[in-house]
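Notes for the one structure printed next.
The values are calculated or read from the model by the stated rules, or taken from the named source; none is laboratory data. Remember, predicted model here, so these are calculated numbers, not experimental data. All Cβ positions, glycine included, derive from the backbone under ideal geometry; neighbour counts span all protein chains shown. Heads up: the accessible areas ignore ligands, DNA and RNA and are worked out on the full protein's heavy atoms, side chains in. Shrake-Rupley method; radii C 1.70, N 1.55, O 1.52, S 1.80 Å.
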Amino acid sequence: MHKLIRQILKTGIVRHPPSARPEAPPEGCAEGRALVAQLGRAITVRHVDAGSCNGCELEIHALGNALYNLAALGVRFVASPRHADILLVTGPVSRAMADPLRAAWEAMPDPKRVVALGDCARGCGIFTANYATLGAVSAVIPVDIAIPGCPPSPETIREAFAALMARS
Amino acid sequence: MSPIDVARAVRWTRLPGPLPIDHGSVDSAQWRAICAQCRAEGGRLAALWGSDERAAGQGFLVHAIVASAQRRFWITLGAGDADPRFPGLGDLFPVASRLERALFDLLGVSSGAPDTRPWLRHEAWGPADFPLRRDFARADPMAPGAPPYPFVAVRGAGVHEIGVGPIHAGIIEPGHFRFSVVGDEILRLEERFGYTHKGAAKRFEAMGLVDGARLAGRLCADSSAAYAGAYAMAVEALSGCTVPPRALWLRALAWERERIANHLGDLGALCQDGGLAFGHTQFGLLKERWLQTHDRLFGHRYLMDAVIPGGVAYDLDAAACRSLDAECASILETTRRLQDIVDDHAGLQERFLETGRIDEARVRALGGLGLAARASGIACDLRVNTPLPPYDRLQTRIAVRPQGDVAARVGVRFDEIYESLRLIREVLAQLPGGPVRVPCDGHGGLFGVGIVEGWRGEVLVAITRSPSAAAHHVHIHDPSWQNWPLLEHAVLGDLVPDFPLINKSFNLAYSGHDL
């Protein structure tokens, strides 16, 4: 146990530095502010991988590390869409995931918003619509906010959520 | 005629490139005989797929790559035109069963195997549509009213089923797991995939060979450098292009860094699932800093677009090499300290030891490979068994643990982090000078193959070019094809609540599998 405590003390408190690089702002943030006005300053997110390459998921995981600490903004990932305010969707929507995605969205209580994360989900990734994919999240459910990137960096995603959480 | 004589009758052609592999066109008797001989020698099926060469008058072709201890053979069999068929290999290699189902879903070439359930096909296209046929051009709405997928039922008093997925509780890729359980004990697990199938092979056909590297690096993000590397090797073999030595060494650097990034992330996640949040925080920070270095010196956090046909897209100056070397020293020290804590943590070890066991004989029978096989005592590692430059100069020490449980898969990850750190420092010390890329646009060969020992295992890319038409077909094989069935066996007798931990200890690919 003493080794564990020593390592915690050695690591100290890691703080997220101010963003070093200007990134493209998320599309549709004004809409997001209205949502926060309705929901308060703690939001719950259900993630759905609709056929991504797992790159966006790796960065969502990274948001949970001590550096980005997304939870400190008041954002929490939940297991059930019934508990979620926001549906965070990645991937170009493979046709096999279209029904599960729609089912998850329908299970969410109102008011609810959809964030399309990454270029594939926005409809401008390397996977275009074909026999196996629909090509964008907006082909299945209405999208409120889109975050660009392949994959979007944790800074970009964090800033998008910070903008969502800002008091308007 | 004995199987060996049958194989001798084939005209083998050594394919260009550093990988020792022979290609031969075979008839159906030779097809079976060569595979049977490979199986008898303890070899395995590395990949099985098909291509539509009707435009060149060859009908449909079925390809297999089989590997024994030292040698690899790529065999191609004509499957006919109107009602294409070939002799299946499921009795020799269990992995062939799913590969043959996928082959039928995409190309409509039948192996005659008894299990005719779709594997990659869900409702997106109908049972009589075959998207990889070159005359397939539909993008219709989904086929409505598809029947439910028939899972194998387990009968008996008190048995019930738990269906999980395709959307999982956490932030995970989509797939379905069907458990048959009594109480909490798992009697059977059946996997169902294909949810992330994006038609990548069709997409490759519409891209140039060199440009396709961008797509290859975006099929399975955690293995981007390995995928792009194997793809680049295949394109280079087709083009007859010789990669400069500095680029080969820089590629090895990227692959070893990719291995470490994933192992750090997995160790953190395994600590989390085992109940030690401290480990998740610590390994998460190490991985994050490692990825930031990727971004700073290689241009992308997950090394996308870093490896390209003809070389690499980045170069390192002396200062960058020094900083990478110092980072290795620092990671080594911290990881050793963390392993000390993990090894001493009774609660964590209680979860890891004896959980999700699969023994060597079972892994061999299933043709398992890569990290999971090494954790069940099998010494398979391309970097050691067939070391391609620069690994021929690096003397990689293989990490093998015999126990086959979660603890062994954790142990192999620690061992491989230390070894990869050593390899990176060797690469930095010996890095040759010269250019880092050459043009790669020749069009010589018809068959090109590339294999990289990615962090999960061998990632294989095979490209065929049609002799007459200006068309090519890209096939990518992820080691998860071989290793997903291992998980079905590893969980037997374990408890349902241990499944996330066992699954994480394998951490297999969904998107990379569903191609």
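Taking the options A:45, A:93, A:114, A:89, name whichever one is in contact with a helix residue (DSSP H, G or I) (Cβ under 9 Å, 6 or more places away or on another chain) and on the phi > 0 side of the Ramachandran plot.
Every option except A:93 fails the conditions.
Could you run through region A:42-52 and say how many residues are within 7 Å of chain B (Cβ to nearest Cβ) and open to solvent by 20 Å² or more (accessible area, probe 1.4 Å)?
0
Only one of B:439, B:500 is within 14 Å of chain A (Cβ to nearest Cβ) and not charged (D, E, K, R); which?
Answer to the selection: B:500.
Here are the criteria: (1) in contact (Cβ under 8 Å) with a residue 60 or more places away in the chain; (2) buried (at least 24 other Cβ atoms within 10 Å of the Cβ); (3) on the phi < 0 side of the Ramachandran plot. Tell me which single one residue B:480 does not satisfy.
In the conditions (1) in contact (Cβ under 8 Å) with a residue 60 or more places away in the chain; (2) buried (at least 24 other Cβ atoms within 10 Å of the Cβ); (3) on the phi < 0 side of the Ramachandran plot, residue B:480 misses (1) alone.
Filter region B:246-297 down to the residues that are free of Cβ contacts under 8 Å to residues at least 12 places away in the same chain, more than 10 Å from chain A (Cβ to nearest Cβ) and of a type in the set (A, V, I, L, M, F, W, C) and list them by number.
The answer is B:277, and nothing else.
I need every pair where a residue in region A:118-129 that is more than 8 Å from every other protein chain (Cβ to nearest Cβ) and in contact (Cβ under 8 Å) with a residue 12 or more places away in the chain has its Cβ under 8 Å from the Cβ of a residue that is polar (S, T, N, Q) and open to solvent by 70 Å² or more (accessible area, probe 1.4 Å), sequence separation at least 6 or different chains.
From residues that are more than 8 Å from every other protein chain (Cβ to nearest Cβ) and in contact (Cβ under 8 Å) with a residue 12 or more places away in the chain, the pairs are A:123/A:138.
Select from region B:273-286 the residues that are closer than 30 Å to residue B:229 by Cα and open to solvent by less than 10 Å² (accessible area, probe 1.4 Å) and write down the one among them that is farthest from the chain's Cα centre (by Cα).
Looking at the filtered set, the residue picked out is B:285.
All but one of (1) open to solvent by less than 10 Å² (accessible area, probe 1.4 Å); (2) without any contact (Cβ under 8 Å) to a residue 40 or more places away in the chain; (3) at positive phi hold for residue B:356; which doesn't?
Residue B:356 satisfies all of (1) open to solvent by less than 10 Å² (accessible area, probe 1.4 Å); (2) without any contact (Cβ under 8 Å) to a residue 40 or more places away in the chain; (3) at positive phi except (2).
Which residues, taken from region B:242-272, are crowded, with 24+ Cβ neighbours inside 10 Å and acidic (Asp, Glu)?
Listed by number, the residues that qualify are B:256, B:258.
How many residues does region B:43-77 contain that are of a type outside the set (A, V, I, L, M, F, W, C) and within 19 Å of residue B:384 (Cα to Cα)?
Total meeting the criteria: 6.
Checking residue B:172 against (1) within 10 Å of chain A (Cβ to nearest Cβ); (2) over 16 Å from residue B:513 (Cβ atoms): exactly one of these is not met. Which one?
Result: residue B:172 passes all but (2).
Check off (1) within 11 Å of another protein chain (Cβ to nearest Cβ); (2) modelled with pLDDT of 95 or more for residue A:106 and give me the number that stays unchecked.
(1)
Among B:498, B:478, which is of a type outside the set (A, V, I, L, M), in contact with a Lys or Arg (Cβ under 8 Å, 6 or more places away or on another chain) and within 19 Å of residue B:204 (Cβ to Cβ)?
Among B:498, B:478, only B:478 is of a type outside the set (A, V, I, L, M), in contact with a Lys or Arg (Cβ under 8 Å, 6 or more places away or on another chain) and within 19 Å of residue B:204 (Cβ to Cβ).
What are the residue pairs meeting all of these: first residue in region A:90-105, first residue under 16 Å from residue A:132 (Cβ atoms), second residue surrounded by 24 or more Cβ atoms within 10 Å (Cβ to Cβ) and of a type in the set (Phe, Trp, Tyr), Cβ atoms under 7 Å, and 6 or more apart or on different chains?
Once the first residue is under 16 Å from residue A:132 (Cβ atoms) and sits in region A:90-105, its partners that are surrounded by 24 or more Cβ atoms within 10 Å (Cβ to Cβ) and of a type in the set (Phe, Trp, Tyr) give A:92/A:127; A:94/B:195; A:96/B:195; A:97/B:195.
Return the only residue of B:332, B:303, B:324, B:316 being part of a loop (DSSP other than H, G, I, E, B), more than 14 Å from chain A (Cβ to nearest Cβ) and over 21 Å from residue B:504 (Cα atoms).
B:316
Any residue at all in region B:427-448 that's charged (D, E, K, R) and farther than 24 Å from residue B:283 by Cα?
yes
So is residue B:120 under 25 Å from residue B:489 (Cα atoms), open to solvent by less than 40 Å² (accessible area, probe 1.4 Å) and either outside the structural domain of residue B:378 (by TED's automatic domain parsing) or small (Gly, Ala, Ser) (or both) or not?
On the way: under 25 Å from residue B:489 (Cα atoms): yes; open to solvent by less than 40 Å² (accessible area, probe 1.4 Å): yes; either outside the structural domain of residue B:378 (by TED's automatic domain parsing) or small (Gly, Ala, Ser) (or both): yes.
Here the answer is yes, as residue B:120 does meet what is asked.
Only residues that are part of a loop (DSSP other than H, G, I, E, B) and under 17 Å from residue B:477 (Cβ atoms): list them for region B:182-217, please.
Once the filter is applied, which keeps residues that are part of a loop (DSSP other than H, G, I, E, B) and under 17 Å from residue B:477 (Cβ atoms), region B:182-217 yields B:193, B:194, B:196, B:197, B:198, B:199, B:217.
Go through region B:414-439 and count every residue that is of a type in the set (A, V, I, L, M, F, W, C) and open to solvent by less than 10 Å² (accessible area, probe 1.4 Å).
Count: 6.
Six or more apart or on different chains, Cβ atoms under 8 Å: show the pairs whose first residue is in region B:153-169 and more than 14 Å from chain A (Cβ to nearest Cβ) and acidic (Asp, Glu) and whose second is in a strand (DSSP E or B) and open to solvent by 50 Å² or more (accessible area, probe 1.4 Å).
B:161/B:178
Within region A:59-75, restricting attention to residues that are of a type in the set (Gly, Ala, Ser) and within 10 Å of chain B (Cβ to nearest Cβ), which residue is least open to solvent (accessible area, probe 1.4 Å)? It would help to see each step written out before you state the result.
Residues of region A:59-75 that are of a type in the set (Gly, Ala, Ser), as a first pass: A:62, A:64, A:66, A:71-72, A:74.
With within 10 Å of chain B (Cβ to nearest Cβ) added as a condition, the list becomes A:62, A:64, A:66.
Values: A:62: 10, A:64: 53, A:66: 30 Å².
Within region A:59-75, the match that is least open to solvent (accessible area, probe 1.4 Å) is A:62.
For residue B:332, indicate whether it is open to solvent by less than 10 Å² (accessible area, probe 1.4 Å) and in contact (Cβ under 8 Å) with a residue 12 or more places away in the chain.
Working: open to solvent by less than 10 Å² (accessible area, probe 1.4 Å): no; in contact (Cβ under 8 Å) with a residue 12 or more places away in the chain: yes.
No; evaluated as a whole, the condition is false for this residue.
Which members of region B:180-231 meet the condition of being acidic (Asp, Glu) and either under 16 Å from residue B:449 (Cα atoms) or surrounded by 22 or more Cβ atoms within 10 Å (Cβ to Cβ) (or both)?
The one that is acidic (Asp, Glu) and either under 16 Å from residue B:449 (Cα atoms) or surrounded by 22 or more Cβ atoms within 10 Å (Cβ to Cβ) (or both): B:222.
What's the number of the condition residue A:128 fails, among (1) at pLDDT below 95; (2) under 25 Å from residue A:64 (Cα atoms); (3) open to solvent by 20 Å² or more (accessible area, probe 1.4 Å)?
Here residue A:128 meets the rest and fails (2).
Looking at the structure I just gave you, is residue B:239 open to solvent by 10 Å² or more (accessible area, probe 1.4 Å), under 24 Å from residue A:2 (Cα atoms) and more than 23 Å from the chain's Cα centre (by Cα)?
no
Exactly one of (1) surrounded by 24 or more Cβ atoms within 10 Å (Cβ to Cβ); (2) over 22 Å from residue B:512 (Cβ atoms) is unmet by residue B:411. Its number?
Evaluating residue B:411 over (1) surrounded by 24 or more Cβ atoms within 10 Å (Cβ to Cβ); (2) over 22 Å from residue B:512 (Cβ atoms) leaves (1) as the failure.
So, in region B:342-352, exactly how many residues are among the hydrophobic types (A, V, I, L, M, F, W, C) and open to solvent by 10 Å² or more (accessible area, probe 1.4 Å)?
So the answer is 1.
Could you go through region B:439-459 and let me know if any residue there is within 24 Å of residue B:317 (Cβ to Cβ) and over 24 Å from the mean Cα position of the chain (by Cα).
Taking every residue of region B:439-459 in turn, at least one turns out to be within 24 Å of residue B:317 (Cβ to Cβ) and over 24 Å from the mean Cα position of the chain (by Cα).
For region A:132-152, which residues satisfy the criterion of being at the interface with chain B (Cβ under 9 Å from one of its Cβ atoms), open to solvent by less than 10 Å² (accessible area, probe 1.4 Å) and of a type outside the set (S, T, N, Q)?
So the first thing to find is which residues in region A:132-152 are at the interface with chain B (Cβ under 9 Å from one of its Cβ atoms), and the list is A:132-133, A:150-151.
Okay, now just the ones that are also open to solvent by less than 10 Å² (accessible area, probe 1.4 Å), so A:132-133.
Once the filter is applied, which keeps residues that are at the interface with chain B (Cβ under 9 Å from one of its Cβ atoms), open to solvent by less than 10 Å² (accessible area, probe 1.4 Å) and of a type outside the set (S, T, N, Q), region A:132-152 yields only A:132.
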